[in-house]
Amino acid sequence: MIDNNTQLYLVPTPIGNLEDITLRALNVLKSVDVILAEDTRTSGKLLKHYEISKPLNSYHIFNEHKTVELLISRLQNGETMALISDAGTPSISDPGFLLVRSCLKADIKIECLPGATAFVPALVKSGLPSDKFVFEGFLPHKKGRKTRLELLAQEERTIILYESPHRLLKTLDQLIEVCGEERQASVSRELTKMYEETVNGTLLEIKKHFEKGQVKGEIVIVVNGK
């Protein structure tokens, strides 16, 4: 059942294993008028798996600025919508912030369901302190990257980063440069999938492990605080 007063639902989707979706999330996706998807092809597979047939509208980083006003107008006219990303919780390193902010300004009721997000299992599996941590998402690719890394090197809380597989070794090199090769860390990839892997150790040990072969899958890096 959905709340008759709620107009926009933020619905987490599995980060890999399709069974990692809640019953409530499925009920909401079946009940709303429209589903906003980061990639309609990716989300289409999930919806097909659960036999959910609802109109899919594209909502991603390249069109969110252009579409927000139209979506707000549709919501104000009584449509109910669910926002999903390709994987995990919308707005966590994925589109969603602009739409949520606009809904709040327009007094449109929002509900965010609890569910999958990649950094939580990576943090818990790392064995590093999880009582206090800072989530940085993706580092800047170029401008401001060095400055950001130097600031993080002084961070006392556990640090969590997202990274792409082709940039992992470069990032580990840069972390070694600013944090030292003996800083404890953990790298998880392909979380919840068949080839899930978590490597714990010093930054240097982890780098040597991933130098042995081609790195695949989405990456979460967890680094011990100073």
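The values are calculated or read from the model by the stated rules, or taken from the named source; none is laboratory data. Quick caveat, the model's predicted, so the values are computed rather than measured. Quick reminder, even Gly has a Cβ in these numbers, built from the backbone with ideal geometry, and neighbours come from all protein chains shown.
Observations on the model:
- The range 76-98, residues that are in contact with a helix residue (DSSP H, G or I) (Cβ under 7 Å, 6 or more places away or on another chain) and modelled with pLDDT of 95 or more: MET81, ALA82, LEU83, ILE84
- Count of residues meeting criterion [among the small types (Gly, Ala, Ser) and surrounded by fewer than 22 Cβ atoms within 10 Å (Cβ to Cβ)] in the range 61-89: 2
- Consider the range 33-45 and keep the residues that are of a type in the set (A, V, I, L, M) and crowded, with 22+ Cβ neighbours inside 10 Å. The one that is modelled with the lowest pLDDT is ALA37.
- Members of the range 183-199 found to be surrounded by 17 or more Cβ atoms within 10 Å (Cβ to Cβ) and not in a loop (DSSP other than H, G, I, E, B), listed by number: GLN184, ALA185, SER186, VAL187, SER188, ARG189, THR198
- The lone criterion from (1) within 20 Å of the chain's Cα centre (by Cα); (2) in contact (Cβ under 8 Å) with a residue 40 or more places away in the chain left unmet by GLU155 is number (1).
- Any hit, the range 27-34, residues being closer than 30 Å to ARG189 by Cβ and either touching a His at 6+ places or on another chain (Cβ under 7 Å) or without any contact (Cβ under 8 Å) to a residue 24 or more places away in the chain (or both): no
- For the range 133-156, a residue qualifies if it is of a type in the set (A, V, I, L, M) and not in a helix (DSSP H, G or I), and the qualifying residues are VAL134, LEU139, ALA153.
- Any hit, the range 4-18, residues being more than 25 Å from GLU196 (Cα to Cα), surrounded by 15 or more Cβ atoms within 10 Å (Cβ to Cβ), modelled with pLDDT under 95 and of a type in the set (Phe, Trp, Tyr): no
- Whichever residue in the range 201-226 is out of contact with any Lys or Arg (no Cβ under 8 Å at 6 or more places or on another chain) and either among the acidic types (Asp, Glu) or part of a strand (DSSP E or B) (or both) and, among such residues, is surrounded by the fewest Cβ atoms within 10 Å (Cβ to Cβ): GLU211
- Residue list for the range 157-182, filter: in a strand (DSSP E or B) and either aromatic (Phe, Trp, Tyr) or surrounded by fewer than 15 Cβ atoms within 10 Å (Cβ to Cβ) (or both): TYR162
- Of the residues making up the range 112-123, none is in a loop (DSSP other than H, G, I, E, B), more than 20 Å from ILE206 (Cα to Cα) and over 20 Å from the mean Cα position of the chain (by Cα).
- Flag for LEU128 being more than 17 Å from ASN224 (Cβ to Cβ) and either at pLDDT 95 or above or in contact with a Pro (Cβ under 7 Å, 6 or more places away or on another chain) (or both): no
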